[in-house]
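Presented below is the structure to which this report refers.
The values are calculated or read from the model by the stated rules, or taken from the named source; none is laboratory data. What you see is a predicted model, and the numbers here were worked out from it, not measured in a lab. No Cβ is skipped: glycine too gets one built from the backbone with ideal geometry, and neighbour counts run over all protein chains shown. Quick note on the areas: whole protein, heavy atoms, side chains included, nothing else; ligands and nucleic acids left out. Shrake-Rupley method; radii C 1.70, N 1.55, O 1.52, S 1.80 Å.
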Amino acid sequence: MSRPRILIVGAGFAGYRTARTLSRLTRHKADITLLNPTDYFLYLPLLPQVAAGVLEPRRVTVSLSGTLPHVRLVLGEADGVDLEARSVHYTDPEGDGGTLTYDRLVLAVGSVNKLLPVPGVAEYAHGFRGLPEALYLRDHVTRQVELAAASDDPKRCASRCTFVVVGAGYTGTEVAAQGQLFTDALIRKQPLREGIRPRWLLLDIAPRVLPELDERLSRTADRVLRQRGVDVRTGTSVQEATPSGVRLSDGEFVDTRTLVWCVGVRPDPLVEGLGRSLERGRLLVDPYLQVPGQPEVFACGDAAAVPDLEKPGEYTPMTAQHAWRHGKVAGRNVAASLGIGGRRAYRHRDLGFTVDLGGAKAAANPLGVPLSGPLAGAVTRGYHLAAMPGNRIRVAADWLLDAVLPRQAVQLGLVRSWSVPLDTASPELARVPGAPGKPESRPQGESS
């Protein structure tokens, strides 16, 4: 008798945890296949430190084949699901198509950059959801500071050294905090014209930074950002983006070459094509993470609307903490559907949040206890080391080296502007020349 086929689509927090749980529970009683565009799990919370030169890129990536025994990895992007035929069509990294069949399907496709109908944003802004975007931002910021240091034009120098981050949530706050430290380190080696310093603006239409978190965390983060020199503007957003700058909602025009879009995320559009009930773009599931009417299909992570049993009538928010725990429950329930163990509903207890603000600064409320300063920094980094499924020693070593050695201010030149568009369903992949809809070469004069 053939073994049941389990197909997991996506290897983010939810998909990776599902695969790891199933690998442990099934023990050769099922064939597990993981479909993912990359061969690594990305530890997204530390991505701002990659952009700021604190961590090397490979530190925040964990090998899928190296850490998921008994799981078959298939590289590709899912572009269609046939629920009747129990199959998923995908396109591999070289453009060839393929089809995978299943007896159990776990959709953990995650989320992509959230777009708003703001003129010019799609053309001139860059998101922050994948490793290519972080590498691009690190190169771009380094290049702007180097060009500014060599410029004789004060206006152009100031424009290149002005960096605008839209969205003061978890990601945007950390990008601005880490970015200010990074550019301050760069100008120590390449001083700018007298009177000019790097300027980071953090914008959000909400009344405070980190609006989704506890107010005490928000106050701590706001204080650290302002003390560091970040221009925090709440109740403000971008009205228009142009090649030379952005016009804010209050009418002010800011000269800049850098617009980082961190306004939030939206579920991966793959789930829209399933023809099943959605909740704000997320696939509705029951408390056992099963799709109603499709008992063989499970969904978890950002693309799934999971009922919050602690708050009746609501759904769990799109956070890494929930996605990680979704994955464990999904793995157990898939195994239970095959007769291995018992299933359980998804319930959670808020463990608190941590926000790394760079250096020794952080804001944290582990188990509801508010912390700030060096203690919060130690707790935050300890939490990340405990949460990472690999590379802990390498990450700790990079943190130690960053504390005692100056950062390396070099451009790698690996990711160009056109290869990381904001409007993409695959932020984890950089576009390459020759692919459909992608340039054969960079047009003359295009900014990189």
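A compact table of results
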read-out	value
The chain, helix-only ellipticity at 222 nm - DSSP H runs n ≥ 4, -39,500 (n - 2.57), divided by all residues, nearest 500	-9500 deg cm²/dmol
Computed over region 55-107, Cα set: Rg, Dmax in Å	14.0, 45
Of every Cα-Cα pair in region 116-179, the percent that sits beyond 16 Å	55
Asp79/Asp423 FRET efficiency (R0 25 Å; Cβ-Cβ; nearest 0.05)	0.90
Selected from Gly390, Gly97, Gly127 as most flexible by GNM, with the chain as the system and alpha-carbon contacts under 10 Å	Gly97
Inter-part distance where region 307-347 and region 74-140 are each reduced to a Cα centre, Å	23
Alpha-carbon gyration tensor eigenvalues x 5, square-rooted, for the chain, Å	38, 24, 21
Semi-axes of the equivalent ellipsoid for region 143-272, Cα gyration tensor, largest first, Å	26, 18, 14
Cα-based equivalent ellipsoid of region 256-383: semi-axis lengths in Å, sorted from largest, via gyration tensor	32, 21, 12
Cβ-derived FRET efficiency at R0 45 Å, Val432 paired with Phe253, nearest 0.05	0.80
Pair Arg344, Asp39: separation of 7 Å Cα→Cβ label points (nm)	3.5
Span from the region 270-301 Cα centroid across to the region 184-210 one, whole angstrom	42
Nearest-0.05 FRET efficiency for Ala386 and Thr319, computed from C-beta distance (R0 25 Å)	0.90
Inter-probe distance in nm under a simple model that places probes 7 Å from Cα toward Cβ, at Leu375 and Ala360	1.4
Size of electric dipole in region 110-184: Cβ of Lys, Arg +1 and of Asp, Glu -1, about Cα centre, debye, nearest 20	160
Fraction of antiparallel bridges per DSSP, the chain only, in percent to nearest 5	50
Assigned charges on the beta-carbon of Lys, Arg, Asp, Glu; the chain dipole about Cα centre (debye)	1440
Relative intensity, log₁₀ I(q)/I(0), of region 279-322 from a Debye sum that treats every alpha carbon as a point, q = 0.18, 0.28, 0.29 Å⁻¹	-0.46, -1.04, -1.09
Max mean-square fluctuation residue, GNM over the chain, Cα-Cα springs under 10 Å, options Arg280, Arg431, Arg156	Arg280
Percent accessible area from carbon and sulfur atoms, region 325-428, protein chains only, probe 1.4 Å	59
Within region 126-274: Cβ-based charge dipole about Cα centre, in debye rounded to nearest 20 (Lys, Arg +1; Asp, Glu -1)	520
